[in-house]
Amino acid sequence: MSETPIIIYTYETTETPSIAKQLYIEGVYVNSSLPPATAPHECLLRTSLMATHTEPLIDEATEIIYKVLKENKLCK
C-alpha cells in the first residue's frame, strides 16, 4: 500500500495549529509542521491519501479543507 502526502503551505506559525485543530473538529486529520521542523515562514499542514479512501470520502475531505482554508483566507 502506498501513501501520497498532501501538503498545504500556511506560512503562519501562529495560525497553523489553529487551522489544524479546526480541520480536526470538522473531521479531517492533518499534521502541522512548524519551525524548526520547517524552514522559517514555511509552516505547513500534511495529510495522506491512501488506497482505502473512497471517492466520496476524498470529495468530503476536499470540501472541508477548502471551506476551512477559505475561512482562514488561505484560498479564494
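Overview of values
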| item | result |
| --- | --- |
| For residue 16: the one exception among (1) within 12 Å of the chain's Cα centre (by Cα); (2) touching a residue at least 40 places away in the same chain (Cβ under 8 Å) | (2) |
| Matching residues in region 40-76 - criterion: being touching a strand residue (DSSP E or B) at 6+ places or on another chain (Cβ under 6 Å), within 19 Å of residue 21 (Cβ to Cβ) and in contact (Cβ under 8 Å) with a residue 40 or more places away in the chain | 46, 47, 48 |
| Entirely in the chain, the strands (runs of 3 or more DSSP E) that have 2 or more residues that are modelled with pLDDT under 95 and either surrounded by fewer than 12 Cβ atoms within 10 Å (Cβ to Cβ) or of a type in the set (A, V, I, L, M) (or both) | 4-9 |
| Count - residues of region 25-39 that are touching a residue at least 12 places away in the same chain (Cβ under 8 Å) and either farther than 25 Å from residue 53 by Cβ or of a type in the set (Gly, Ala, Ser) (or both) | 5 |
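Residue by residue, here is whether (1) under 10 Å from the mean Cα position of the chain (by Cα); (2) of a type outside the set (A, V, I, L, M, F, W, C) holds:
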| residue | (1), (2) |
| --- | --- |
| 27 | no, yes |
| 31 | yes, yes |
| 36 | no, yes |
| 42 | no, yes |
| 52 | no, yes |
| 58 | no, no |
| 66 | yes, yes |
| 74 | no, no |
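The values are calculated or read from the model by the stated rules, or taken from the named source; none is laboratory data. Values in this document were obtained by computation on a predicted structure and should not be read as measured data. Using ideal geometry, Cβ is built from the backbone for each residue, glycine included, and neighbour counts are taken over all protein chains shown.
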